[in-house]
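Read through the structure below, which is laid out as structure tokens, and then see the notes.
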Amino acid sequence: MEKTSAAASPVYRKERSNTGFWLVVLGAALWGVDPLFRIILLNTMTSTQIVLVEHIIVSLIAIPVLWKFRSDLKNLRARHWIAVIFISWGGSALATVLFTMALTHNDPNTVLLLQKMQPLFAIVLAKLLLKETLPRRFGGLFFIALAGTYLLTFGFTLPLGNWDNWIHAGSLLSLGAAALWGGSTVMGRLMLGQARYETVTSLRFVVALPLLIFMTWNEGAAWTFPSGTGEQTAVILNILGQALLPGLLSLLLYYKGLSSTKASVATLAELSFPMAGVLVNWIAFRTLITWEQLLGFILIWVALFAISRQQERSSTAADAAPKLRTE
């Protein structure tokens, strides 16, 4: 009797694919707590200094991981190293600095909404670079999710008429971050075909360090630190929280899920980020959720659930095809 391994089982593959999608959702949701730490740290540090310190802390954990999985590095070709540089220099260093700077130049709501441009950048690149095909009715579900993120951010108001909130430095910085993060989703999917998710996560932080050190040195801003013990403790806790939660943990979950999820599908799962942002505002600042925001939650989760089911059925059909051909 022929023995079938668990790894080859259609049920196992379906569960793995579906689990991967929700790991991306969870990892992206952790990004929602990022502004909570970052805005507080901006009172004592520049945008570049915050990102550099964050990367140094995570690299202390990432370097031993890279040593453990150093065999992965031997398998990387030129195109994979190009992807690594894009992910680390673009998605990890520049995009994070741009996003942090945008929070100081613009209305946070506008910054949030402009980040929803990420799926557009990622979908275009996924089709061009990875030759991915989109699930059925993906376009409609995509616009439902975008409508939900709009309601989460603005309700039924029309801020688009106020061009001063959009066309200035803060908006351009935010759009730049969206483009780099969207591209990093695609490049990360490319890398995960060649290396473990732990290796990709570690490379993202370690390779970004030289660029961030140069940017901080070139900025020439003085390093300041609060004098009071309580304030010093608050800054240290915020730096550690920023580095380990929306930094390291979120990306470990994200890349683990991305290893079994299409980049074009994963970028829609990333829309869980604004939902988490609304919850953080409610818990930390006692900002009540309006009925427009509740409707936005429902629209996004409907889209996420439908995409998840689409991916599940697609995985099942792909597993069944070889069996039908051999019968």
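The values are calculated or read from the model by the stated rules, or taken from the named source; none is laboratory data. The shown structure was predicted, so the numbers you read here are calculated from the model rather than taken from an experiment. As a convention, Cβ positions derive from the backbone with ideal geometry for all residues, glycine included, and neighbour counts pool all protein chains shown.
So if I check each of SER59, SER88, which one is in contact with a helix residue (DSSP H, G or I) (Cβ under 9 Å, 6 or more places away or on another chain), polar (S, T, N, Q), crowded, with 22+ Cβ neighbours inside 10 Å and in a helix (DSSP H, G or I)?
Numbers: SER59 fails: crowded, with 22+ Cβ neighbours inside 10 Å.
It is SER88.
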Among (1) farther than 18 Å from GLN115 by Cβ; (2) in contact with a helix residue (DSSP H, G or I) (Cβ under 8 Å, 6 or more places away or on another chain); (3) aromatic (Phe, Trp, Tyr), which single condition is TRP282 missing? (2)
When you scan the stretch 16-33, do you find a residue that is modelled with pLDDT under 90, among the charged types (D, E, K, R) and more than 19 Å from the chain's Cα centre (by Cα), even just one? yes
Would you mind finding the one in PHE69, PHE99 that is of a type in the set (A, V, I, L, M, F, W, C), modelled with pLDDT under 90 and either more than 21 Å from GLU270 (Cβ to Cβ) or within 14 Å of the chain's Cα centre (by Cα) (or both)? PHE99
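Checking the conditions here, which among LEU203, LEU212 is farther than 26 Å from LEU128 by Cα and either touching a Phe, Trp or Tyr at 6+ places or on another chain (Cβ under 8 Å) or surrounded by 22 or more Cβ atoms within 10 Å (Cβ to Cβ) (or both)?
LEU212
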How many residues does the stretch 122-141 contain that are closer than 18 Å to LEU271 by Cβ, part of a helix (DSSP H, G or I) and in contact (Cβ under 8 Å) with a residue 60 or more places away in the chain? 6
So ALA62 fits all but one of (1) over 28 Å from VAL278 (Cβ atoms); (2) free of Cβ contacts under 8 Å to residues at least 60 places away in the same chain; what number is the exception? (2)
Any idea which of (1) without any contact (Cβ under 8 Å) to a residue 12 or more places away in the chain; (2) crowded, with 24+ Cβ neighbours inside 10 Å; (3) among the aliphatic types (A, V, I, L, M) is the one MET191 doesn't satisfy? (1)
Of (1) surrounded by fewer than 20 Cβ atoms within 10 Å (Cβ to Cβ); (2) within 21 Å of GLY20 (Cβ to Cβ); (3) touching a Phe, Trp or Tyr at 6+ places or on another chain (Cβ under 7 Å), SER250 fails just (1)
Of the conditions (1) within 26 Å of VAL97 (Cβ to Cβ); (2) of a type outside the set (A, V, I, L, M, F, W, C); (3) exposed (fewer than 13 other Cβ atoms within 10 Å of the Cβ); (4) modelled with pLDDT of 75 or more, ASP164 clears all except one; give me its number. (4)
